[in-house]
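Everything below concerns the one structure shown next.
The values are calculated or read from the model by the stated rules, or taken from the named source; none is laboratory data. Remember, predicted model here, so these are calculated numbers, not experimental data. The protein model used for the area step is the full one, side chains on, heavy atoms only, and it has no ligands, DNA or RNA in it. Shrake-Rupley method; radii C 1.70, N 1.55, O 1.52, S 1.80 Å.
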Amino acid sequence: MRTVLFLLSALAVIGSGYWAYHENYQTQDELDRVDALRRDIGQAHERMAMLRAEWAYLNRPDRLRDLADLNFARLGLLPLRPDHFADVDQVAFPPPPNLVDLSEPIDVTSAGAPKP
């Protein structure tokens with residue numbers, strides 16, 4: 001009986017050791033993956049900052065004005081005049097969908113009960 005108990009405890013120690021090493025290697029692999037993801041995120045942030053700076057550089061008003069002047073006839077642009085602008089009151093906005101008519105009182109006594 002003592003031999004069986006000894007063998008079972010030895011197998012349990014070997015099994016728990018194998019499990020601990022296996023979990024350790026999995027944890028190390030996941031930590032490496034997290035580091036790689038953080039590195040990729042940092043590189044993406046750097047690329048995004050560079051793209052924002054490039055966008056700001058390319059959209060400078062003086063550069064756009066020069067480009068518009070160079071390509072004025074080819075693009076068929078019209079010069080801006082004061083009558084091209086309007087007040088907000090003159091703009092015809094579409095009505096928002098599903099408006100509730102607040103001029104009529106709303107019946108809240110039925111609380112959603114079906115009408116007879």
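Return the only residue of D29, D35 being at pLDDT 95 or above and open to solvent by 90 Å² or more (accessible area, probe 1.4 Å).
On the way: D35 fails: open to solvent by 90 Å² or more (accessible area, probe 1.4 Å).
Going through D29, D35 in turn, just one is at pLDDT 95 or above and open to solvent by 90 Å² or more (accessible area, probe 1.4 Å): D29.
What residue, among those in the stretch 56-96 that are in a loop (DSSP other than H, G, I, E, B) and among the small types (G, A, S), is farthest from the chain's Cα centre (by Cα)? Top of the filtered list is G76.
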